[in-house]
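The values are calculated or read from the model by the stated rules, or taken from the named source; none is laboratory data. Just so you know, these numbers come straight off a predicted model, no measurement behind them. Every residue, glycine among them, receives a Cβ derived from its backbone with ideal geometry; neighbour counts consider all protein chains shown. Accessible surface is based on the protein model in full, side chains and every heavy atom, while ligands, DNA and RNA are left aside. Shrake-Rupley method; radii C 1.70, N 1.55, O 1.52, S 1.80 Å.
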Amino acid sequence: MKRLIATLLICSSVAAPAFAALKAGDQAPAFTTQASLGGKVFSYSLADELKKGPVVLYFYPAAFTKGCTIEAHMFAEAVDKYKALGATVIGVSADNIDTLNKFSVSECRSKFAVAADTDQKIMKSYDSVLLSKTSYADRVSYVIAPNGSIVYEYSSMDPDKHVANTLQALEQWTAKQKK
């Protein structure tokens, strides 16, 4: 019986690795990748965007799925609020650039860029791989300060609070910068 319990404990710890998204205070890994805005492909560099101000980086599982479409619509509706705070938004998934060209126009409403991470290097560097289906990104949002420091991280498969939470975190960060 003791051997069975020990075996089960070992197997469960191997089968279910702990979720380890990057946290506030961590340095955001730099990346450059193909992205699409309004159906036009360009090279996106996080380092270049951070020179302009804070970045809201969000990972999502797959373009044109229900939750990801809801989330893209919500980010598109809030883009002006992010801009008023000096921030830009970028979404990242494992989708290819052809799919993202369509998604950027229809679901993102040509308001913000979406980036292709087909080899999952970005997702892995941000610990944002969906554990239950590792070919997809987990739904994780980050607010990154211009110095590359992560200000805020939020993880939830429910898309409903990512925009509100990142806006609030960005507002709080901006208020601290003015002091």
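Using the alpha carbons of the chain, what is the convex hull volume per residue in cubic angstrom, as a whole number?
Per residue, the Cα convex hull of the chain comes to 124 Å³.
How many angstrom separate the Cα center of segment 118-179 from the Cα center of segment 41-80?
Result: 10 Å between the Cα centres.
Indicate, rounded to the nearest 5 percent, the antiparallel portion of the DSSP beta bridges found entirely in segment 68-179.
60
Taking the chain as a Gaussian network, Cα atoms linked when under 10 Å apart, which of Val41, Val56, Val114 shows the biggest mean-square fluctuation?
Val41
If you roll a 1.4 angstrom probe over the protein chains with everything in place, what fraction of the accessible area of segment 36-168 belongs to carbon and sulfur, to the nearest %?
Summing carbon and sulfur atoms, their accessible area is 52 percent of the total for segment 36-168.
In vacuo Debye scattering of segment 81-179, one point per C-alpha: log10 I(q)/I(0) at q = 0.11, 0.17 Å⁻¹?
-0.36, -0.86
Mean residue ellipticity at 222 nm from the helices of the chain, using -39,500 (n - 2.57) per DSSP H segment of n ≥ 4 over the full residue count, to the nearest 500 deg cm²/dmol?
Helix contribution divided over all residues of the chain: -12000 deg cm²/dmol.
State the answer as a single residue: which of Ala169, Gln34, Leu46 lies farthest towards the positive end of the charge dipole of the chain, with beta carbon charges of +1 for Lys and Arg and -1 for Asp and Glu, about the Cα centre.
Ala169
Quick one: if the Förster radius is 30 Å, what FRET efficiency do Ser135 and Met74 give, using the C-beta to C-beta distance and rounding to 0.05?
Efficiency computed from Cβ-Cβ geometry: 0.75.
From the backbone phi of segment 163-179, what are the Karplus-calculated ³J(HN,Hα) couplings (6.51 cos²θ - 1.76 cosθ + 1.60, θ = phi - 60°) in whole Hz, Gly and Pro given as x?
Couplings: 5, 4, 5, 5, 4, 4, 4, 5, 4, 5, 4, 4, 4, 5, 5, 7, 6 Hz.
Pairs Lys83/Lys176; Lys121/Lys179; Lys83/Lys161; Lys51/Lys176; Lys23/Lys83: which exceed 26 Å Cα-Cα?
Lys121/Lys179
Can you work out the accessible area per residue across the chain, with the rest of the protein chains kept in place, probe 1.4 Å, in square angstrom?
52
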